[in-house]
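**Q** Let me begin by handing over the structure; questions about it come next.
Coordinate-derived values only; no laboratory data. None of these values were measured; they are calculated from a predicted model. FYI the Cβ positions are ideal-geometry reconstructions off the backbone, even for glycines, and counts take in every protein chain you see.
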Amino acid sequence: MLDGMGQSSAAEHAEYRTRQREQWAISAQAWKRWWARFEEGAGALSKRIVSAAGIEPGMRVLDLCTGLGEPGLRVARAVGSAGRVVGADLARPMLEFARERAAEARLSNISFAEMEGEHLGLAAQAFDAATFRWGPMLMDDPVASLREVRRVLKPGARLGVSVWGTGKEVPFIALAGIVAEEIGGIARPPPGTPGPLRMGRAGELETALADAGFTDVRCEAVEVVMSFTSAAQYVEFTRDASTTLRQKLDQQPEAVRTGVWKELERRAGELAETSGELRLSNRCWCAGARA
Ligand SMILES: C[S@@+](CC[C@H](N)C(=O)[O-])C[C@H]1O[C@@H](n2cnc3c(N)ncnc32)[C@H](O)[C@@H]1O
């Protein structure tokens with residue numbers, strides 16, 4: 001767990017971010033490959049985030065941890081030609097794909113910048129609103145990054161933000177970790193470790209927002225359904241997109257690796273419909289808050 005204040009802690013934080021940057025750079029290709037499937041499930045959540053952020057035409061908006069440009073591109077459409085969006089992310093390859101997607105969509109009011117969420121190189125009070133989809137739980141210090149977002153927002157401006165729920169509520173992510181632990185002996189990260197399922201308990205996001213100085217915090221649960229044509233396709237997706245798990249498994253003997261993926265397919269198959277289609281319902285928390 002990264003906490004504390006001293007010099008070694010600062011070095012740990014820097015090392016953690018370097019690792020994050022490398023991991024996400026590797027993941028970028030996989031995210032691009034699975035993008036359409038992902039966005040199919042995530043569209044409803046993005047709508048809620050945009051509404052929670054109070055986006056209106058003409059606004060200047062920050063989209064932090066923009067990844068391949070979401071929900072930044074949606075926001076760019078909403079703010080129109082008089083508005084501007086800055087999509088910020090740690091991983092350059094993610095931003096390159098985001099730029100490609102913006103160009104394909106002929107959106108010229110969005111630009112992208114390489115930045116760390118805990119240290120935004122942006123002027124104070126420069127934005128009318130911010131969006132932050134699936135980012136806070138990945139930060140080594142979520143409250144510090146939310147404080148940074150508040151710093152660059154004008155007083156009274158709104159943030160729309162989301163995190164995943166707990167492992168039990170997010171089978172699409174958690175199932176692979178459970179099987180890897182049971183079959184491959186790969187321990188799941190201890191609670192508090194930065195990662196997708198780290199801020200999923202009810203109330204956690206609200207507390208972090210309040211600790212960062214936001215007010216008027218309102219949070220709701222939103223269902224995100226991830227659909228796959230089959231259990232095999234879900235495994236293919238997981239092998240491709242779960243960089244950390246794949247790297248851990250790569251250090252295991254071939255038999256263990258094969259065993260984990262086979263068992264994951266079997267378990268996912270149990271959840272599939274009679275047609276073979278797999279529709280995994282997952283909980284997200286979506287909050288709106290005022291700077
Ligand atoms: C789960 S993806 C979400 C991307 C996008 N917002 C979406 O919802 O599709 C997380 C993104 O956060 C970025 N990220 C992770 N840690 C970061 C940090 N400390 N500062 C800035 N970006 C970070 C990653 O590079 C990745 O693109």
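**Q** Of the beta bridges DSSP finds with both residues in the chain, what % are antiparallel, to the nearest 5? List each step's numbers first, then the result.
**A** Working: 20 of 39 bridges.
The antiparallel proportion sits near 50 percent.
**Q** Here's something else I'd like to know. Binning every alpha carbon pair distance of the stretch 7-290 at 10 Å from zero, what are the percents per bin?
**A** 7, 28, 36, 21, 7, 1
**Q** Give, rounded to the nearest 20 debye, the magnitude of the charge dipole that the stretch 7-290 has about its Cα centre when Lys and Arg contribute +1 at Cβ and Asp and Glu contribute -1 at Cβ. Walk me through the intermediate numbers first.
**A** Values: 37 positive and 37 negative charges, 118 e Å.
Around 560 debye, computed over the stretch 7-290.
**Q** I would also like to ask the following. What net charge do the residues around Gly177 carry, taking every other residue with its C-beta under 13 Å from that of Gly177, with Lys and Arg at +1 and Asp and Glu at -1?
**A** Values: positive: Lys168, Arg188, Arg198, Arg246, Lys248, Arg267; negative: Glu181, Glu182, Glu263.
Net charge around Gly177: +3.
**Q** Between Arg77 and Ala124, what's the calculated FRET efficiency when r is the beta-carbon distance and R0 is 30 Å? Round to 0.05. Don't jump to the answer; show the numbers that get you there.
**A** Details: r = 27 Å, r/R0 = 0.91.
Once the sixth-power term is evaluated, E becomes 0.65.
**Q** Would you give the gap between the C-alpha center of the stretch 157-179 and the C-alpha center of the stretch 181-226, rounded to a whole Å?
**A** The stretch 157-179 and the stretch 181-226 have Cα centres spaced 7 Å from each other.
**Q** Something else about it: Based solely on C-alpha atoms, express the radius of gyration and the Dmax of the stretch 1-114 in angstrom.
**A** Reported Rg and Dmax, both Å: 15.8, 47.
**Q** Continuing with this model, one more query. With charges set only on the Cβ (+1 for Lys and Arg, -1 for Asp and Glu), what does the dipole of the stretch 1-111 come to about its Cα centre, in debye to the nearest 20? Walk me through the numbers before you get to the answer.
**A** Working: 16 positive and 13 negative charges, 79 e Å.
The calculated dipole for the stretch 1-111 is roughly 380 debye.
**Q** Distance from a point 7 Å along Cα→Cβ of Gln23 to each backbone N in the stretch 182-223: keep the residues under 17 Å and list them by number.
**A** 186-200
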